[in-house]
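I have placed the structure first, in the form of structure tokens, so that the comments after it can refer back to it.
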Amino acid sequence: MSFKKVALAALVTIPASQAFGAEVSGNVALTSDYKFRGISQSDSAPSIQGGFDVAFDNGAYIGTWGAAVDFDCSVAPDSCGGLNGGIELDYYAGFAADINDSVSYDIGYIYYDYPQDEGLLGDYGEIYGSLSFGDFGIGMNYSDEYWGETGKFTYTYATYSMALSEGYALDFLVGSGDYDEAGYLNEATDHMNWSVALSTSAAGLDFTIAYEDTDLDKEEAYGYDWADAALILTIGKSL
């Protein structure tokens with residue numbers, strides 16, 4: 001799915017059940033700041049998140065994911081769509097499979113829905129694809145009409161995961177977004193983001209602490225700290 005799935009948010013998978021050749025799993029998490037492609041979607045405040053997936057034996061899957069969002073409208077009321085609090089709901093479907101023992105792929109479509117939006121931001125969809133080569137991964141998402149009426153949008157990214165000793169893992173990401181029109185990020189038509197995250201499990205919980213940053217300045221984020229560097233803690237729990 002999109003980078004919302006690939007992003008370094010610690011979402012815990014509940015024990016899967018087998019039914020009709022499908023595996024059902026769910027996840028729930030609380031994060032200190034919901035950042036999407038390096039930009040806060042929760043006004044730099046905590047967000048509760050969760051969803052579930054159904055994966056079929058042939059590699060196809062469907063699922064949904066939701067998160068609490070908050071776009072403070074005091075600085076840019078014409079650009080935030082009136083979303084002073086609310087939810088984001090994502091719906092996706094795709095196909096994932098192994099090419100060989102070390103290479104796999106994932107392709108699909110995701111739709112982003114903001115039920116409380118007053119029509120200024122706009123729901124939107126993306127097609128996506130990714131390749132994994134062992135611990136490395138590359139991917140791309142594309143929308144022909146992106147959020148905030150910014151036209152066509154392409155997001156490309158690269159990831160690397162490193163298993164550490166005693167149940168710890170270190171994950172890296174570098175991503176780049178290109179917008180057809182300025183709008184969502186004030187006058188910016190492109191941006192980069194990067195992150196590094198350390199994760200582990202203890203006492204039935206999953207913990208991730210991540211450092212995230214972008215190359216955007218405060219003016220490009222409408223005077224907010226949404227795109228500033230941040231240290232983010234995420235805690236997940238099995239349902």
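We did not get these values from a lab; they are worked out from the coordinates using the rules stated. Keep in mind it's a predicted model, so treat the numbers as computed, not measured. In this analysis, Cβ positions are derived from the backbone assuming ideal geometry, glycine residues included, and neighbour counts consider all displayed protein chains.
Here the extension length gained between residue 233 and residue 180 equals 15.8 nm, from 0.36 nm per residue of separation less the Cα-Cα distance. Could you compute the FRET efficiency for residue 209 and residue 166, with r as their C-beta to C-beta distance and R0 at 22 Å, rounded to 0.05? Rounded to the nearest 0.05, the efficiency is 0.85.
Aspartates and glutamates within cross-link reach of residue 152: Cα-Cα under 17 Å, excluding same-chain residues under 8 positions apart? Output for residue 152: 123, 126, 144, 178, 180, 181, 187, 190. Loop-located chymotrypsin sites (Phe, Trp or Tyr not before Pro) across the stretch 168-239 with a Cβ neighbour count of 15 or fewer within 10 Å are 168, with loop assigned by DSSP.
Once the Cα-Cα distance is subtracted from the 0.36 nm per residue extended length, the residue 136 to residue 93 segment shows a gain of 13.2 nm.
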